[in-house]
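Below is one structure, written out as structure tokens; comments come after it.
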Amino acid sequence: MSATRFCINCGKEIPADATFCPFCGTTQEKVTATNQTTPSTPEPNRGPEQPESVNMWTALKLGAQQTFTWSQRISRPQYWWLYLDLVLITIALNLILGLKAYSSPALLLQPFHINAFQAVLVLIYSALLAWTSVMQFTASARRLHDSNRSAHFLWLSLIPIVGPILIIVFLCQRSNEAGARFDRAPKQAKPWTKKWWTWAILVVGTVLCAIMINTTAYITTFADYATTTTSTNTTNSDDDASDTDSETADSESSSSDDTDKITIGDDDIDIADQQSYTTAFTDSSWANSTFKINRVTVYKTDGTYTNGSGSDKQEFHGIIKVHMSIHAGRDISAYPTQAKLSTNDGQQVEADSDSDDFDGELNSGTDSNGDLYFILPKLSSVKNITSVRLKWDADYDTDDYEDDNAFKTFDATINLN
């Protein structure tokens, strides 16, 4: 019986002296009698070379060394030990870095804001995820090679349910001697850490992971809370407001002494968390008058509340209180209770109608102060508000039609730290 061997391209059994494959037409390498295989005396299925002892450490070490190696093989024990390593590493990364990375977005585009610490954390987390993902992907390709299958079988993963099941079955197959056709020596025998294109792939993977994490964190952080508690909290809020109407008649738009509640108009609102910031904003550039903002407080409501009625009815989860004082250096009209406030997380709201009535027409020498309330539709944590921008108008009467200073729009950006 004539000796046979396997095609170096398609892996099918062909005569040992064939110069080309009768199945795929690929030119075959010349072989000596010592490495010819006959059906009567087949060589043992040795598979790819592997360390004397295969365990979690040797598998991880080999996987790291061959992160970007495609044209070789990896044995079944090596692959599944590496798979276990990567699963444990991923769990540890998610517990140590992932929970924090997904807690809040590192980058906001409108208004532009970047949290430097969060950004560094997300980049480190993304880089490690990109590296382990590439390691897992190329190891799967080499495992398919070891079973004499092309890495193109990984495209089956795009088929829902059935595709991943088939890939798992293929990855569990025993080594096939014909898989040696994939053992091609690299043109440049140097580690992947010294090749520029491998780093380029890791950088691109890191950026894509970071974008995905930042987007997920943004959606998770600022998504509306579940409405299962809305009706209960709204009912309690209405009941509390009716019981305390007589007690709050003389204290509209002022905070309750109980730090767990805040009273706005006729409504008592339960507070889950709050953070006060002392600020030093002062503007004396207009009409000899001085506008000061010396305190900003961010409140997280305890549950979901509603504001307005009819088509204007809106749920909210947070409140920002701004304390402002005004000294009129001449007769002016100022309208901070009509101000607009924008936050670093992209929300823009107008001052609530139940803000303190301390503005309007102010005579020269008048001092006035009060609190402005801004209702936030979305707020998951008081720490998410790191800066606010406040705009309001003021003017004074004049007979000088060329006085361009008679009207003023104030624009105050306040960092909360």
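Taking the criterion of being within 18 Å of Val298 (Cβ to Cβ) and out of contact with any Phe, Trp or Tyr (no Cβ under 9 Å at 6 or more places or on another chain), the only residue of the stretch 345-360 that qualifies is Gln348.
Is at least one residue of the stretch 317-335 acidic (Asp, Glu), surrounded by fewer than 17 Cβ atoms within 10 Å (Cβ to Cβ) and touching a residue at least 60 places away in the same chain (Cβ under 8 Å)? Yes, the stretch 317-335 has at least one match. Among the residues of the stretch 110-123, write down those that are over 13 Å from the mean Cα position of the chain (by Cα) and within 26 Å of Ala200 (Cα to Cα). Selection gives Ala116, Phe117. Only residues that are within 36 Å of the chain's Cα centre (by Cα) and assigned to a loop (DSSP other than H, G, I, E, B) were counted in the stretch 319-352, giving 6.
In the stretch 353-365, the condition of being buried (at least 17 other Cβ atoms within 10 Å of the Cβ), part of a helix (DSSP H, G or I), among the polar types (S, T, N, Q) and touching a strand residue (DSSP E or B) at 6+ places or on another chain (Cβ under 8 Å) is met by no residue. Filtering the stretch 53-85 to residues that are β-branched (Val, Ile, Thr) and part of a helix (DSSP H, G or I) leaves only Thr58.
Looking across the stretch 336-352 at every residue that is under 24 Å from Thr290 (Cα atoms) and touching a helix residue (DSSP H, G or I) at 6+ places or on another chain (Cβ under 8 Å), the one that is surrounded by the fewest Cβ atoms within 10 Å (Cβ to Cβ) is identified as Glu350. The condition of being touching a Gly at 6+ places or on another chain (Cβ under 6 Å) and at pLDDT below 90 holds for only one of Ala106, Ala139, Ala178, that being Ala178. Annotation: Gly303 fulfils all but one of (1) in a helix (DSSP H, G or I); (2) surrounded by fewer than 19 Cβ atoms within 10 Å (Cβ to Cβ); the unmet one is (1). Taking each residue of the stretch 395-414 that is farther than 24 Å from Lys340 by Cβ and looking for partners that are of a type in the set (A, V, I, L, M, F, W, C) and surrounded by 10 or more Cβ atoms within 10 Å (Cβ to Cβ) with beta-carbon atoms closer than 7 Å, six or more apart or interchain, yields Thr398/Ala406. Listed by first and then second residue, the pairs linking a residue in the stretch 44-66 that is over 21 Å from Ser147 (Cα atoms) and not assigned by TED's automatic domain parsing to the domain that holds Pro77 to a residue that is at pLDDT below 90 and aromatic (Phe, Trp, Tyr), with Cβ atoms under 6 Å apart and 6 or more places separating them unless they lie on different chains, form an empty list. Quick check: is even one residue across the stretch 119-133 at pLDDT 90 or above, over 28 Å from Phe153 (Cβ atoms) and in contact with a strand residue (DSSP E or B) (Cβ under 8 Å, 6 or more places away or on another chain)? For the stretch 119-133, residues at pLDDT 90 or above, over 28 Å from Phe153 (Cβ atoms) and in contact with a strand residue (DSSP E or B) (Cβ under 8 Å, 6 or more places away or on another chain): present. When the residues of the stretch 104-131 are narrowed to those that are over 19 Å from Asn417 (Cα atoms) and polar (S, T, N, Q), which ends up surrounded by the fewest Cβ atoms within 10 Å (Cβ to Cβ)? Here the residue is Gln110.
Residues considered: Thr290, Thr282, Thr306. Of these, the only one that is more than 25 Å from the chain's Cα centre (by Cα) and touching a residue at least 40 places away in the same chain (Cβ under 8 Å) is Thr306.
The values are calculated or read from the model by the stated rules, or taken from the named source; none is laboratory data. Since we're looking at a predicted model, the values are computed, not measured. So basically every Cβ, Gly included, is an ideal-geometry build from the backbone, and we count neighbours across all protein chains shown.
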